[in-house]
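Derivation of every value follows stated rules applied to the coordinates shown; laboratory data play no part. Since this is a predicted model, take the numbers as computed values, not measurements.
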Amino acid sequence: MNTARIHDQQKLKSFWEQKIEQHGEQRDEEEDRRRGSALARLREQWLVRLDQRNQHQQSFFEERLRRAQKAQQSLGKLDSP
């Protein structure tokens, strides 16, 4: 075989091996980036905030109901001589 052709084949093989290696590294970097994404952390923070909001609303409505019952009892005592 012609030495020029062998040399070209080796250069071509080397070129594609480098491309494949670079692609693998880029894929790994992208996977690491996705794993370290803030999305999961933000989702967790929002779930905590939502839970706190729900607890606050529940306690607010319970307090409101308790006050209404207390007011009804007070009015009932005033109506009875």
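Assorted remarks:
- The 3J(HN,Hα) values that the Karplus relation (6.51, -1.76, 1.60; θ = phi - 60°) gives for region 20-34 are, in residue order, 5, 5, 4, 4, x, 5, 5, 4, 5, 5, 5, 5, 5, 4, 5 Hz. Gly and Pro appear as x.
- Annotation: region 3-79 has a Kirkwood hydrodynamic radius of 19.1 angstrom, from the mean reciprocal C-alpha pair distance.
- Each helix, a run of at least 4 DSSP H residues, gives -39500 (n - 2.57); summed and divided by the residues of the chain, these come to -34000 deg cm²/dmol at 222 nm.
- Computed from Cα positions, the angle between helix 38-79 and the longest principal axis of the chain comes to roughly 10 degrees.
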